[in-house]
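Every number in this text was worked out from the coordinates using simple rules, so none of it is lab data. Just so we're clear, the structure is a prediction, and the values are computed from it rather than from any experiment. For neighbour counting, all protein chains shown are included, and Cβ atoms are generated from backbone atoms with ideal geometry for every residue, glycine included.
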Protein chains: 2
Amino acid sequence: MKKFEEKTIASKRIYEGKVINLKVDDVSLPNGKTSKRELVEHPGAVAIVAFTPENKIIMVEQYRKALERSIIEIPAGKLEKGEAPEYTAMRELEEETGYTAEKLELIQSFSTSPGFADEVIHLFFADGLKKATNGAVLDEDEFVELLEVSVEEAEQMMKDNRIYDAKTAFAVMWAKQRLSIGN
Amino acid sequence: MKKFEEKTIASKRIYEGKVINLKVDDVSLPNGKTSKRELVEHPGAVAIVAFTPENKIIMVEQYRKALERSIIEIPAGKLEKGEAPEYTAMRELEEETGYTAEKLELIQSFSTSPGFADEVIHLFFADGLKKATNGAVLDEDEFVELLEVSVEEAEQMMKDNRIYDAKTAFAVMWAKQRLSIGN
């Protein structure tokens, strides 16, 4: 899979932050020429598709500073260093939604912005959902509203751009297919 | 849609690049506390779902430095300043694949990484495909291999992580649904 490889000649670290780092690499192209690549490093994340007993998708509304508005997404969270994605997914599901799952099934891992970032999201299906005794446990600086959304409502929210991110758009399509097979 | 708004108190520009910029904002949270947000600015992009007469999806394989490997994606390209997304999509389709479309239909716009980037991808369906007289016209520094992939092959490529980015994963699900309705 090293077709068209771009070899690193030099790498300059521009910024090291809390969530992301930025570096600029000089690369040599397959034709011998050189170019620059601006690259964001991100620890990766998990996201979870979970259905209530009524086959509604559990979602959260939160403010996204990068977009300067709130959007509706499936539950998700960044990977902590050394944490297995399954563990992060179980933790985020319980903390953000107050549900626990009997079993997690990996649906798909995907890169969100392969042109400039190494972020990969591991998307899980949470099977056998139960209300945790504690309910959702949010950090005091976390502002999130919980929603339960049918596939039809989710499709309308996509048209209205209230659902507006790639992982949730994919999750809605996947949920539609899964529920139509299951029924 | 300003629920849970995070107001900007201060904004520091860290880097201005060819493709992305980076800034760090101090924000005030709904509870009055402050926090930092690391934010990547990106011009946005278009991506195109296009079927050959045999209902294969047109894809391109290219090296992605951020992932340090080549992956298989639907044709895509960055928005140029002031360019309408439809125009960019027509241009990228013809340049990358050598096909022109009679008509473009917006499938969905979505944010790729709402946690740290403002990048939005406008995903189009290209209808009425014709081979352009010129064929694909690549920049001399562009290394891209053209592929025609059936939905079944694309689903296998997702399992093998050769298709590995969110826009293409979404596009494959959409194509599957579209072709099953059409047939």
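Note on residue A:2: aspartates and glutamates with a C-alpha under 16 Å away, same-chain residues under 8 apart excluded, are B:61, B:68, B:73, B:142, B:145, B:160.
How tilted is helix A:166-182 with respect to the longest principal axis of chain A? Cα atoms for both, answer in degrees (0 to 90, nearest 10). The answer is roughly 40 degrees. In plain terms, the chain from residue A:159 to residue A:139 could stretch by 4.1 nm, reckoned as 0.36 nm per residue minus the Cα-Cα distance.
Here the convex hull built on the C-alpha positions of the stretch B:45-182 has a volume of 120 cubic angstrom per residue. Among the listed pairs A:167/B:78; B:56/B:167; A:36/A:167; A:12/B:12, a Cα-Cα separation exceeding 27 Å is found for A:36/A:167. Backbone geometry of the stretch A:57-64 corresponds, through the Karplus equation with coefficients 6.51, -1.76 and 1.60 at θ = phi - 60°, to 3J(HN,Hα) couplings of 8, 7, 9, 10, 9, 8, 7, 10 Hz, x marking Gly and Pro. Shortest first, residue B:32 label-point distances to identical copies amount to 6.7 nm, with the label point at 7 Å from Cα along Cα→Cβ. Taking B:147, B:106, B:67 as the candidate residues, the one with maximal mean-square fluctuation in a Gaussian network model of chain B, Cα springs under 10 Å, is B:67. For the residues B:27, B:144, B:120, a GNM of chain B with alpha-carbon springs under 10 Å puts the largest fluctuation on B:27. When only alpha carbons are used to place a centre, the stretch B:16-66 and the stretch A:114-183 end up 19 Å from one another. Between residue B:150 and residue A:68, the FRET efficiency from the beta-carbon distance, with R0 = 51 Å, is close to 0.80. Of B:113, B:11, B:35, the residue with the greatest mean-square motion in the GNM of chain B, using alpha carbon springs below 10 Å, is B:35.
For helix B:85-97, report the angle its Cα long axis makes with the longest principal axis of the Cα atoms of chain B; keep it between 0 and 90° and round to the nearest 10°. That helix lies at roughly 50 degrees to the long axis. About the centre of its Cα atoms, the stretch A:35-153 shows a dipole size close to 340 debye [charges on the beta carbon of Lys, Arg (+1) and Asp, Glu (-1) only; nearest 20 debye]. Evaluated with a Cβ-only charge set (Lys, Arg +1; Asp, Glu -1), the protein assembly as shown carries a dipole of roughly 420 debye about its Cα centre, given to the nearest 20.
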